[in-house]
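Single-structure report; data block below.
The values are calculated or read from the model by the stated rules, or taken from the named source; none is laboratory data. The structure displayed is predicted, hence computed values, not measured ones. Here the Cβ is made from the backbone with ideal geometry for all residues, glycine too, and neighbour counts use every protein chain on show. SASA here: full protein model, heavy atoms, side chains in, ligands and nucleic acids out. Shrake-Rupley method; radii C 1.70, N 1.55, O 1.52, S 1.80 Å.
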Amino acid sequence: MFELKSLIDITDLTPEEIDELIATAEDIIENPDKYREKCKYKKLATLFFEPSTRTRLSFEAAMLELGGSVIGFSESNSSSASKGESVSDTVKVVSCYADIIAMRHPKEGAPMIASMRSDVPVINAGDGGHNHPTQTLADLLTIKREKGHFDNLTIGFCGDLKFGRTVHSLINAMVRYKNVKFVFISPQELKIPDYIKTEVLDANSIQYCETSSLEHYMSELDILYMTRVQRERFFNEADYVRLKDSYVLTNEKLQSAKEDMCVLHPLPRVNEISVDVDDNPRACYFKQVKNGKYIREALILKMLGIE
Ligand code: NCD
């Protein structure tokens, strides 16, 4: 068991703690019955100030599978935020009702502020274009199950690398493993932010390259992490329209890829992976969805201190 009051950034967890979560998730997959009542009488609050299908339902399904209950809201206009209540106050109040909180917010840093005010653990379920640590845990469980290890991988990230919080979090997690290389595939306007290059990549002496071509490095990749262009983070609709179809992965483009390359995507997909790729053995994005539920079960157990 580890002590973690809140999970705001993936680096709040050590690699050893991540291994522990993965081991628990794999045990849940093998022996679901053992876990069915572990969270009996416990309540999870899902506070979603920004729309979500997967992450919110994944947290809810996870808590229900553990025998717990769920309270919360799925959009800010159905909460007191619409009356002008601060995030801090909402969280302080909800922490009087729930044992653990999962919170998504369009403002970077809001879950961190919430965790400082809350009396119960807060899990960041996505804050603006910043971080998304539980998606990263789902990604890591999928990589572990598909590849067996985290070292010696070349990972291509494609799409909106500027605003894609899942990309930022996964980079932060992967730089802690040995001999990991990155290929960043994006249009000029959606390149990986400079602070990630200096504070994360250069600071850890990570090898990476940037390209605008999806095909150029395809044959070298062990993992291709596709992302959608994040419409809601653009200031200008015309820029979104111009960039939204920059990349569309098809079976044809995958022809030069390694047989065992994994295609991941945090979903929702808009147009960036053609549906015929779904039947390609390399497509792992729906497995990733399932893994997200199991790893969230493991996380809830650990954060509530339940063995
Ligand atoms: C991602 C998110 O919300 O950042 N989705 C998710 O949580 N599964 C990716 C996205 O919205 O594009």
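Per-structure values
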quantity: Selection of GluC sites (Glu not before Pro), the stretch 1-60, meeting DSSP coil and at most 11 other Cβ within 10 Å; calculated: Glu3, Glu37
quantity: Selection of trypsin sites (Lys or Arg not before Pro), the stretch 148-188, meeting DSSP coil and at most 13 other Cβ within 10 Å; calculated: Lys178
quantity: Two-site FRET efficiency, Lys34 against Asp278, from Cβ-Cβ distance with R₀ of 41 Å, rounded to 0.05; calculated: 0.80
quantity: Counting all C-alpha pairs of the chain, share separated by more than 29 Å (%); calculated: 34 percent
quantity: Rounded to 5, percent antiparallel among DSSP beta bridges of the chain; calculated: 5 percent
quantity: Full-stretch length increase - Asp27, Ser82 - with 0.36 nm per residue and alpha-carbon distance subtracted; calculated: 15.6 nm
quantity: Principal-axis tilt of helix 165-174 within the chain, Cα atoms, nearest 10 degrees; calculated: 80 degrees
quantity: Whole-number accessible area per residue in Å² for the stretch 133-289, which is evaluated in the context of all protein chains at 1.4 Å; calculated: 43 Å²
quantity: Positive minus negative residues near Thr14 (Lys, Arg vs Asp, Glu; Cβ under 10 Å); calculated: -4
quantity: At most 14 other Cβ within 10 Å, DSSP loop - GluC sites (Glu not before Pro), the stretch 227-294; calculated: Glu252, Glu259
quantity: Computed label-point distance, nm, for sites Glu215 and Thr11 using a 7 Å Cα→Cβ extension; calculated: 3.8 nm
quantity: Prolate/oblate/rounded call for the stretch 52-152, Cα gyration tensor, a/c under 1.5 rounded; calculated: prolate
quantity: The chain, relative contact order [Cα under 8 Å, separation at least 6], %; calculated: 21 percent
quantity: Relative contact order of the stretch 1-141, pairs being alpha-carbon contacts under 8 Å that are 6 or more residues apart, as %; calculated: 28 percent
quantity: The stretch 167-285, accessible surface, carbon-and-sulfur percent (1.4 angstrom probe); calculated: 46 percent
quantity: Kirkwood-type radius of the stretch 113-191, with distances r between different C-alpha atoms, in Å; calculated: 13.9 Å
quantity: Cα centroid separation, the stretch 54-79 to the stretch 231-301 (Å); calculated: 23 Å
quantity: Relative frequency of Cα-Cα separations exceeding 11 Å in the stretch 25-67, percent; calculated: 68 percent
quantity: Neighbour net charge for Leu66 - beta-carbon separation under 10 angstrom, K R +1, D E -1; calculated: +2
quantity: Set Lys92/Lys302; Lys34/Lys107; Lys178/Lys258; Lys83/Lys197; Lys92/Lys287 screened for pairs whose C-alpha atoms are more than 28 Å apart; calculated: Lys34/Lys107; Lys83/Lys197; Lys92/Lys287
quantity: Radius, Kirkwood style, for the stretch 40-109 when every pair of distinct Cα atoms is counted (Å); calculated: 12.4 Å
quantity: Neighbourhood charge, 12 Å Cβ-Cβ cut-off, centred on Glu26 and excluding it, Lys, Arg +1 and Asp, Glu -1; calculated: -3
quantity: 10 Å Cβ shell holding at most 12 others, DSSP loop, chymotrypsin sites (Phe, Trp or Tyr not before Pro): longest site-free stretch of the chain; calculated: 98-234
quantity: Using alpha-carbon coordinates, inclination of helix 285-303 to the longest axis of the chain, degrees; calculated: 40 degrees
quantity: Cα-projected label distance for Ile71 with Asn179, points at 7 Å along beta-carbon direction, nm; calculated: 5.2 nm
quantity: Antiparallel DSSP beta bridges within the stretch 133-289, as percent of all bridges there, nearest 5; calculated: 0 percent
quantity: Cα-based shape type of the stretch 1-78, given that a ≥ b ≥ c are square roots of the gyration tensor eigenvalues and the cut on a/c is 1.5; calculated: oblate
quantity: Inter-label distance, nm, simple model (7 Å from Cα along the C-beta direction), Tyr195/Glu20; calculated: 2.9 nm
